[in-house]
Each structure stands twice: as structure tokens, then as C-alpha cells.
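Take a look at the structure set out below.
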Amino acid sequence: MSIGVGGYSEQEALGELRDMTDEVQPIQIEEYQARIRKAQVLMKQQGISVVFLNAGTNLNYFTGTEWCASDRLVGALLPAKGEIEYIVPHFEVDTLRAFARIQAPMITWHEDENPQKLVIDRLAQLKVKSGDFAIDESLAFFGFDGFRQCSSQFNFVNAKSITAQCRMIKSSSELFLMQQAVNMTFEVIKATAKFLHQGISAQQVAEFIDLAHQRVGAKGSSFCIVLFGVDSSFPHGVKSPKSLELGEIVLIDTGCLVEGYNSDITRTFVFGESNQRQQEIWAIEKQAQVMAFERAQLGVPCGDVDLAARDYIASQGLGPNYEVPGLPHRTGHGTGLDIHEWPYLVKNDRTPLATGMCASIEPMLVIPEEFGVRLEDHFFMTDEGPQWFSLPSHSIEDPFGYESQSGVTITEGR
């Protein structure tokens, strides 16, 4: 049997988990204020007059306001100079005020009013009547179109040049929260592997993972993919997952949130004894991950990290490019408040890696009609180069490194 896989009851596996959130603290007001100032500096450099931050993670990042986007316009106006102002339905004012960490004036609108017009009118009062108006890239088209219909004087542009440039570089407090989330999910996956038994369903495993995330202090899993055998050759799952059989590949991809920040770890191992084919593909996957990590140095374009993994995979007779058997998707993605955010480890992303950037390395190998292997760990860039949030899987026989006493790195400071 693979080391650390199977042999425990549900209660025994859950019983080893404890709350891990004692040291967690939310982002402080001063940091939100610093984020706003940084955005305004970038806006002035780029000649942008105002940014609309849509409800969702961009609004959360700059103001600490957790609010889901909907068919009602909710967000904030961030001018290049001056104070941020919220846009909110009149009947939601008190609720939004309670959620907002940064308190600011509010532009309110009733259900029979046009909120985009009220925004344009408010900008006129602030003597902002023309120039580049940057719209949050996550805003639905109807929201953007509403702004466009209300004004022909503004040049509407993508706010990504502001939002992404700010959010790609994580602060020490962000890194700490992400590290805590990773530590929690790492323990959850270890516990899950112990709980596996022949005949268990993917749904039962997902339910266990959700309970386990609650046990370590999260509200539950932020997402969960559990795949057995041939199902693991479908990167994001199948309509009707199969139950676990002896000798099959197990792929678990899951994460949780700590103060809104994501963890995202994938482990692939075998329930029972692995065969030569599984061992060979697993070893190629692990080495591809190593090749990508070694290429992830300061100043290196993100796309080159993708190519390092992809070229190695091709050298082993898989692929090439996005062909299967091989690696059908990008090598990795940034993460933070969104599970997938900038930068992306894909060959056409030429963003140079810089201190504070974070991304996954997960060059999944898909062997159609057989199985898939994905080993996913995230790293962050330091002044000395890349550092793992979680130590990569040790071997197919000892996926969690029990024999090598493998652990998880801890980011110092907040």
C-alpha cells in the first residue's frame, strides 16, 4: 500500500485535525489605504481619470468590502485624486456600510433610477468630465454598456492595468494568510488519504474534505475535485464519478479560504500498489514540476516557466504542445483573492516574475482512457527566488513524505 493511504476510519482521520487559525488576523485598514494610494499613483502614470471597481474581489481588495456581483450595480469609484466613493442601491446602504472596511461617501440609487447616469453626473460634480475611465474587467457587459450609453465624453478602458498590477504583488500579510490556508488544506488532504477505502464514492470523499476543512478552521472547502481511475484523465472532472477500486489513481484537488485568500493543492497517488505505467507517468509529472520551479526566477517571463515544463514533457515522448497524451492546459496560474488570477504560467504571458508574485505549478499529464496525474503546489517569489508554499509530493509510494519527514514551509511576518 502507498504510505499514508487508507487504514483509518472517518472519525480517526478527522480526530487528528485541529483548528489552525489562532494566528490569523484580517488585513488592516492601513493596508487598504496603501493599496488605494498605489492604485492612484498608477492611474496618474497611465493617464486614467477614474476607475470603477465592481462588486467582487477587486472591490474587496481595495476596500475590504465583501459583496457579490449581481444585476444591480454595486461598486466604488476610485478617482486618480481624491476620495473613493461607493455606488450602492439605496435600500442596501446600511448593509454595505456594515461590510465595508474603508468607510466612504455613497452614491445611492433607487430601483427606478439609472445608476450609471448617477455615476457620470457625480463625476461631473467632481469636475471629472472626460479622459480615460477604467472599468473593472469583471463587470458584466450590461454594466459596461450602461456606462457607455450614458457618456460619449469618456474613453472607456480596461482597469486590469491598475487592478492586476496592484494585486499581483502580494504583501507579507497576504502571504501569511495564503500560507495559513495552504497549511490547512495540506493537512486536510493528508487526512483524506488516510480515510480512503475500496468502494468509497467521490462524493463521500468530497463531503469528508468539507468537514475536514471545517475542523481546521475554514468554513468548508472553497472547491473540491475528487477523481478515481480513468476519471482522473479529465482535468476538471466527469458528470458521473466512479467509486474507488484497488490499484487506481486517486486525484484530489481542493482548497479553502482564510480571510478571503485561497489555497489550492492537488495530490495524485495510488490506492494500493502502483504499477509500472503509473510510476513512469507520475515521475515525469514530478520532474516537469521541478523543471518549471527551477525556471521560475526573478525577471523570467511567466511563459518561459510554462515552456520549461512543456519542453521536458515533450522530451519524454508526450505532447508536444497541448496534445495528449501530455499537458493540455497551462502550467500554472496566479492566486490570491481569486482562485485563478494574474499572472498566468502560459507561454504567451510575458509578465516578468517579480518579488511578491504567486502562482501554481501544475503541469498535469493526461493519458486518455487510462488516467491523469496532477501535482499542484504554489510558490511565491522572494528577493532570492521562488519559495514553495507547500513542499511538493515526495514519491508515488510516499506521496506525503512521511518517511522523509516532509513538512510545510511557514512564511514569517504579516
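The values are calculated or read from the model by the stated rules, or taken from the named source; none is laboratory data. Nothing here was measured: the structure is a model prediction, and the numbers come from that model. Methodologically, a virtual Cβ is constructed for each residue, glycine included, from the backbone with ideal geometry; neighbour enumeration extends over all protein chains shown. Ligands, DNA and RNA are stripped out before the accessible areas are found, and what is left, the full protein with its side chains, is counted by its heavy atoms. Shrake-Rupley method; radii C 1.70, N 1.55, O 1.52, S 1.80 Å.
Which value, in nm² and rounded to one decimal, describes the direction-averaged projected area of the C-alpha convex hull of the stretch 156-208? Before the final figure, lay out the partial values.
On the way: hull surface 25.1 nm².
Computing the convex hull of the Cα atoms and averaging its projections yields 6.3 nm².
Using only Cα atoms and rounding to the nearest 10 degrees, what angle (0 to 90) does helix 302-315 make with the longest principal axis of the chain?
20
Pairs of alpha-carbon atoms within less than 8 angstrom and 6+ residues apart define the contacts here; what relative contact order does the chain have, in percent?
16
Can you give the angle from 0 to 90° between the axis of helix 141-150 and the longest principal axis of the chain, with both taken from C-alpha atoms, to the nearest 10?
Computed tilt is about 10 degrees.
To the nearest 10 degrees, how steep is helix 276-295 against the longest Cα principal axis of the chain, on a 0 to 90 scale?
Between the helix axis and the principal axis of the chain, the angle is about 40 degrees.
What lysines does residue 347 reach when the alpha-carbon gap must be under 22 Å and sequence neighbours fewer than 8 apart in one chain are set aside?
160, 286
May I ask you to rank 340, 213, 236 by accessible area, largest first, using a 1.4 Å probe over the protein chains only?
Of 340, 213, 236, the descending order of accessible area is 236, 340, 213.
Run down the aspartates and glutamates and flag those whose C-alpha is under 17 Å from the C-alpha of residue 194, throwing out any fewer than 8 positions away in its chain.
10, 12, 16, 207, 210, 245, 248, 253, 273, 397, 398, 403
Hey, any idea what % of the chain's accessible area is carbon plus sulfur with a 1.4 Å probe?
Here it works out to 49 percent.
What distance in nm separates the two pseudo spin-label positions at residue 98 and residue 121, each 7 Å out from Cα along the beta-carbon direction?
Each label point lies 7 Å from its Cα, and together they span 2.9 nm.
Under a plain spin-label model, where a point goes 7 Å from the Cα along Cα-to-Cβ, how far apart in nm are residue 370 and residue 23?
4.3
Please build a GNM for the chain, connecting alpha carbons under 10 Å apart, and tell me which residue among 360, 390, 243 fluctuates the most.
Comparing 360, 390, 243 in the GNM, the peak value goes to 243.
Just to be sure I understand: if I project the alpha-carbon convex hull of the stretch 29-148 onto a plane and average over all orientations, what area do I get in nm²?
Quarter of the Cα hull surface area: 6.7 nm².
Springs between alpha-carbon atoms under 10 Å, Gaussian network over the chain: tell me which of 383, 22, 338 tops the mean-square fluctuations.
Highest fluctuation of the listed residues: 22.
Name the long-range amide H neighbours of residue 131: under 5 Å, sequence gap of 5 or more, or other chain; modelled H, no Pro or chain starts.
Amide H to amide H, under 5 Å and 5 or more residues apart or across chains, residue 131 pairs with 155.
Under 18 Å from a point 7 Å along the Cα-to-Cβ line of residue 243: which residues of the stretch 264-283 have their amide N that close?
What the label zone holds, given the 18 Å backbone N cut-off, is 271-272.
Taking a probe of 1.4 Å, how large is the accessible area per residue of the chain, in Å²?
42
For residue 372, what residues show an amide H to amide H distance below 5 Å, using hydrogens built from the backbone and excluding near sequence neighbours?
For residue 372, the qualifying residues are 232, 233, 367.
Contour minus end-to-end for residue 153 and residue 1, with contour as 0.36 nm per residue of separation and end-to-end as the Cα-Cα distance?
So the chain would gain 47.9 nm between residue 153 and residue 1.
Taking the Cα centre of the chain as origin, sum charge times position over the Cβ atoms of Lys and Arg (+1) and Asp and Glu (-1), and report the length of that vector in debye to the nearest 20.
Roughly 1440 debye, rounded to the nearest 20.
If the viscosity is 1.002 mPa s and the temperature 20 °C, what translational diffusion coefficient in µm²/s does Stokes-Einstein give for the chain when Rh comes from Kirkwood over Cα pairs? It would help to have the intermediate numbers written out before the result.
Values: Rh = 22.8 Å.
Diffusion coefficient, whole number: 94 µm²/s.
What are the residues whose amide H is under 5 Å from the amide H of residue 334, where those residues sit 5 or more places off or on another chain and H is modelled from the backbone?
341, 344, 345, 360
When you have a sec, figure out the Kirkwood radius of the stretch 258-414 from all distinct Cα pair distances and drop it here in Å to one decimal?
It works out to 15.9 Å.
Starting from 0.36 nm per residue, how many nanometres of slack lie between residue 321 and residue 34 once their C-alpha separation is accounted for?
Gain on stretching residue 321 to residue 34: 99.2 nm.
Please list 3J(HN,Hα) in residue order for the stretch 242-251, calculated via the Karplus relation 6.51 cos²θ - 1.76 cosθ + 1.60 where θ = phi - 60°; whole Hz, with x for glycine and proline.
7, 8, 7, 10, 5, x, 8, 5, 10, 10
Whole-Hz ³J(HN,Hα) for each residue in the stretch 224-236, computed from phi via Karplus 6.51 cos²θ - 1.76 cosθ + 1.60 with θ = phi - 60°, x for glycine and proline: what do you get?
7, 10, 10, 9, 10, x, 4, 4, 5, 7, 10, x, 10
For the stretch 111-252, what proportion of DSSP beta bridges, expressed in % and rounded to the nearest 5, is antiparallel?
In the stretch 111-252, approximately 40 percent of DSSP beta bridges are antiparallel ones.
Apply the Karplus curve 6.51 cos²θ - 1.76 cosθ + 1.60, θ = phi - 60°, to the phi angles in the stretch 322-328 and return the couplings in whole Hz, x for Gly and Pro.
9, 6, 10, x, x, 9, x
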